[in-house]
Structure formats: structure tokens, C-alpha cells
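J.: My questions all concern the structure below.
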């Protein structure tokens, strides 16, 4: 009996010691939304399968944790590819501040977004936005100002050609649209928010297809994105015909000073557990391990590159 108790105590102590000895790394994230959901799934999978403990560090937006990761106070961060590029390039949202200590660790899912209007609005092209009430500012989510600027540019328009209606964030401008205060909104294809709009806006909503003729002028404002055609399908509310929208990647990135061993373990845990990540929610639907090393024209961390070469997906 005493021997059993001794071994039981030893086992508990060993477990506690093992847990305490696991190295902890942090990943920057936002309070809510897609970024928070993606970070939570990565953190759970990495902590379960890598021998590391990854903890989310919530901040007031991606622009808040970019300098923290760049400064080495936090190991990892996630964002859309546009915001990451702007950070390392010192342009756009990061104009005047070039964050040169960041490196890509993994390319994950692809997001698809476009411009939505009411079906009965008479707006059929981006050029038809001339003179319309367009949400602007987005002080709480400034990336969407770049998106809306790009959609106007697609129609050969600028902010002087429309009626600007100041908005704070994404959800606020969706509410303004449902209340009939603006004529156009930005929305992710297949998201629940679009289904809600379709139910509450009289006559329903539709995506406006982007013009291929002004592709360069459009993408200038949202770097590292691309055009993609989506076809009507039951889950894709608002896609009434083959429609050209914007597609962009979501990425995991890291401070360049983080050890190769840590980054290797993190991307290996993600690569080996694709099914587990996909089970975390619909945001992961377009994520595939084979695409984690996708060439984005920017350097990956050596620890990530080492793993990707070993599994044969490093195509350079």
C-alpha cells in the first residue's frame, strides 16, 4: 500500500515537473473575430503536439502586436498577408515603420472577400458606386479603408467621387448597411454575416464582380492579394453568378531571433495535424498542410524552411 502511494506521488510529481518544464511561447492575437479563432486553434494544436506550451496574447489589433513581435517580446503573430507585407515593407498601415525582424512561419487558409450591395440597388459594377454612400475611415479597423479604396479604384473612382459615410469598424458598417445608411459593404464570401444581411436587407444582397480591366489599380492598395472567380453555390449567399472577388492568405509569422528548434516544432505540429486544425471551425476549410510553405516572395524563418524541405513541400 505504501509502495503504491509512493509511486502514485512520484507519478503526480513527474507530471507536474513535466508540465512546468515545457517551454512557453506566445502568439499575438485580437480580442475577437477570425484572428482570435485562428490563433486559438494554433495554440491548442501546438500545445498538444509539440512539447511546447503556446499561449495567446490578446491585444487591441494586429498593428498593436506587430511591433511587440518585431521587438522580440513575443514570439509569434498572425495576420492577413497584406498587413504582414505592409509591416516588413514599411508601407500602408506601417508607413514609416519597417519591421525587419519578422519572418514567415506558415501560410494557412485563404480568405475571399468582395463588395456587396442590395439586389435592388441598381448597382451592377464598381463604376456604379459613383455618387453612392460609401463607408469610410474605419478608425477601429483601418485595413478596411484600404479595401474600400481598392474597390473604388476598380471602378475608376476615388473618394471624391462618392459620398463618404464615416464608420469605425467592420460590424458597424454592416449595421449601417442593414439600416439603409450606406449603399455598399465589404464582406467575406460564405460568412454568417452575409446570411444575416441577406435576411435583413429588403430584397437581399449580391456581390458586385470586380473588373479585370482595372486589376492593377485595384491590387495596388492591397498588396499580395489576387483576383479569384467564385461561382454560385448554396452556402455562398450573394454570389448570384460567376463573380470576381479578392483572395488573400492568412499567415503565421515569427521574430527572426526565435530558435530554429522552436519554429520547427510549431510548424511540424501544424503540418502533422491538419485534420485537427480543420475540425476547429469553418475558417480552416481552405487550409492544407501542403500549402504551408507557399512562396510569397518574402523570407521564411530558417526553422520553418528546414521542416518544409524535409517533408518535400519547399519548392524554391
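J.: Give the residue, chosen from 99, 84, that is part of a helix (DSSP H, G or I) and within 21 Å of residue 27 (Cβ to Cβ).
T.: Every option except 84 fails the conditions.
J.: Quick one: count up the residues across region 199-212 that are over 18 Å from residue 230 (Cα atoms) and either within 24 Å of the chain's Cα centre (by Cα) or assigned to a helix (DSSP H, G or I) (or both).
T.: Number satisfying all stated conditions: 2.
J.: Next question. Of the conditions (1) without any contact (Cβ under 8 Å) to a residue 24 or more places away in the chain; (2) outside the structural domain of residue 200 (by TED's automatic domain parsing); (3) out of contact with any strand residue (DSSP E or B) (no Cβ under 6 Å at 6 or more places or on another chain), residue 43 fails just one. Which one is it?
T.: (3)
J.: Could I ask something else about it? Mind checking which pairs have a first residue in region 290-316 that is in the same structural domain as residue 264 (by TED's automatic domain parsing) and on the phi > 0 side of the Ramachandran plot and a second that is surrounded by 13 or more Cβ atoms within 10 Å (Cβ to Cβ) and outside any helix (DSSP H, G or I), Cβ under 8 Å, 6 or more apart or different chains?
T.: These pairs meet every condition: 297/224.
J.: Pick from region 298-315 the residues that are modelled with pLDDT of 95 or more and assigned to a loop (DSSP other than H, G, I, E, B): which of them is surrounded by the fewest Cβ atoms within 10 Å (Cβ to Cβ)?
T.: Narrowing region 298-315 to residues modelled with pLDDT of 95 or more: 298-314.
If we keep only those that are assigned to a loop (DSSP other than H, G, I, E, B) too, we end up with 298-299, 301, 312-314.
Numbers: 298: 16, 299: 13, 301: 27, 312: 9, 313: 16, 314: 16.
So, considering only residues that are modelled with pLDDT of 95 or more and assigned to a loop (DSSP other than H, G, I, E, B), the one surrounded by the fewest Cβ atoms within 10 Å (Cβ to Cβ) is 312.
J.: Right, something else. Would region 235-257 turn up any residue that is over 30 Å from residue 49 (Cα atoms), free of Cβ contacts under 8 Å to residues at least 12 places away in the same chain and not assigned by TED's automatic domain parsing to the domain that holds residue 86?
T.: Checking region 235-257: not a single residue is over 30 Å from residue 49 (Cα atoms), free of Cβ contacts under 8 Å to residues at least 12 places away in the same chain and not assigned by TED's automatic domain parsing to the domain that holds residue 86.
J.: Next up: Would you point out the residue of region 171-196, among those that are touching a residue at least 60 places away in the same chain (Cβ under 8 Å), out of contact with any helix residue (DSSP H, G or I) (no Cβ under 6 Å at 6 or more places or on another chain) and not in a loop (DSSP other than H, G, I, E, B), that is surrounded by the most Cβ atoms within 10 Å (Cβ to Cβ)?
T.: 177
The values are calculated or read from the model by the stated rules, or taken from the named source; none is laboratory data. The structure presented is a predicted model; accordingly, all values stated were derived computationally and were not measured. Please note: Cβ atoms are built from the backbone with ideal geometry, for glycine as well, and neighbour counts cover all protein chains shown.
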